[in-house]
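K.L.:
I have a structure I would like to understand better, so I am pasting it below and will then ask my questions one at a time.
The values are calculated or read from the model by the stated rules, or taken from the named source; none is laboratory data. On a predicted model such as this, the values are computed, not experimentally measured, just so you know. Because the Cβ atoms are built from the backbone with ideal geometry, glycine has one as well, and the counts that use them run over all protein chains shown.
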Amino acid sequence: MTGSADAPARGTRPRFRRVEVVANVASGSVDADAPQAAKKIFADFGVPANVCAPATEELGECLRRAVDAAPDLLVVLAGDGTARAAAEMCGPDGPVVAPLPGGTMNMLPHAIYGARPWQDALTIALDQGEERLIGGGEVEGHKFMVAAILGSPALWAPAREAARYGRRRLAWVRARRALRRAFTGRLRYILDSAPREKAEALVFMCPVTSRALADEERALEAAALNVRGAADAFRLGINALVRDWRDDPAVESRRCQLARVWSARSIPAVLDGESVRLKSLTEVRYDPAVARILSIPPDVRAGDM
């Protein structure tokens, strides 16, 4: 992760007086008793916490109210997409954000706190936490801290979400739509000042989650996915499960700070698990100051990775 002259130095342990907690108990991976458990943990540290546990359709509104309350710390117990939204709302000058694992992938919480339960992550963060300024990506005003996927593979995300909430008919309709669009429109792109190239899809990984980048690197890892059919897509999926997906021959990876991407029509994208639609000509850039995060020391984090 990156720092700045205005951010506390590594090892600075902030003390919080006003805390807001947003817990997505409808996510399926957060127990109904999570709000009370969170209050108890804060009480043990002598810190009062206001906890909001909204229904799924009220999650955005609850998050907005929590940020507008201007707390010292905003705790998000939800998925990567909600953590992304919280960081986007807070920015580098707003509340410190603690993104706890409460979703499906939990890539950001695991990168920051290690692969441990949210109760342990929160307790350790309050006891040993360090305020860090985290870098990530930006596209059309949207921030992301884990990864951005651009291109037809992003069309599968809405189908996945519909299936996740038991809406089978909608999931089937969206899956058929994604299948019709797959392998029909390639992206053109330029990474920094490199020559123009083509790909079926592009993936941009942030330093905090990329295996190829150090936390301090001021760049994104850009991977071009050159799948040309179902067999390539299947092989890439298997490689992603059993080994580093960068080793797959359909993937070409490199560092970049600015990517220009264009297509014949608007570009489907997924930012930290959330679906968006981008313009037919867009730019993805590295942002060194997305938000302030309550992190834990690297040696403690590595203990459970």
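K.L.:
Six or more apart or on different chains, Cβ under 8 Å: which pairs go from a residue in segment 259-279 that's assigned by TED's automatic domain parsing to the domain that holds LEU202 to one that's assigned to a loop (DSSP other than H, G, I, E, B) and surrounded by 15 or more Cβ atoms within 10 Å (Cβ to Cβ)? Could you list them?
P.N.:
What qualifies is SER263/ARG186; ASP272/MET145; ASP272/VAL146; GLY273/GLY79; GLY273/GLY103; GLY273/THR104; GLY273/MET105; GLY273/VAL146.
K.L.:
So which strands (runs of 3 or more DSSP E) are wholly in segment 44-142 and hold at least 1 residues that are buried (at least 24 other Cβ atoms within 10 Å of the Cβ) and in contact with a Gly (Cβ under 7 Å, 6 or more places away or on another chain)?
P.N.:
Passing ranges, in order: 73-78.
K.L.:
Looking at GLU216, is it surrounded by fewer than 16 Cβ atoms within 10 Å (Cβ to Cβ), in a strand (DSSP E or B) and modelled with pLDDT under 90?
P.N.:
So GLU216 fails the test.
K.L.:
Still on this structure, please answer the following. What residue, of ARG277, ARG235, is modelled with pLDDT under 75 and of a type in the set (Lys, Arg)?
P.N.:
Going through ARG277, ARG235 in turn, the sole match is ARG235.
K.L.:
Among the residues in segment 126-143, are any over 10 Å from ALA291 (Cα atoms) and touching a Cys at 6+ places or on another chain (Cβ under 7 Å)?
P.N.:
Yes; the residues of segment 126-143 include at least one that is over 10 Å from ALA291 (Cα atoms) and touching a Cys at 6+ places or on another chain (Cβ under 7 Å).
K.L.:
What tally of residues in segment 269-292 results from selecting those that are assigned to a loop (DSSP other than H, G, I, E, B) and surrounded by 22 or more Cβ atoms within 10 Å (Cβ to Cβ)?
P.N.:
Residues flagged as assigned to a loop (DSSP other than H, G, I, E, B) and surrounded by 22 or more Cβ atoms within 10 Å (Cβ to Cβ) within segment 269-292 amount to 2.
K.L.:
Which one of the conditions (1) touching a Lys or Arg at 6+ places or on another chain (Cβ under 8 Å); (2) on the phi < 0 side of the Ramachandran plot; (3) not charged (D, E, K, R) does LEU100 fail to meet, given that it meets all the rest?
P.N.:
Every condition holds for LEU100 apart from (1).
K.L.:
Taking the criterion of being outside any loop (DSSP other than H, G, I, E, B), modelled with pLDDT under 60 and not assigned by TED's automatic domain parsing to the domain that holds GLU88, would at least one residue in segment 194-202 satisfy it?
P.N.:
No - not one qualifying residue is present in segment 194-202.
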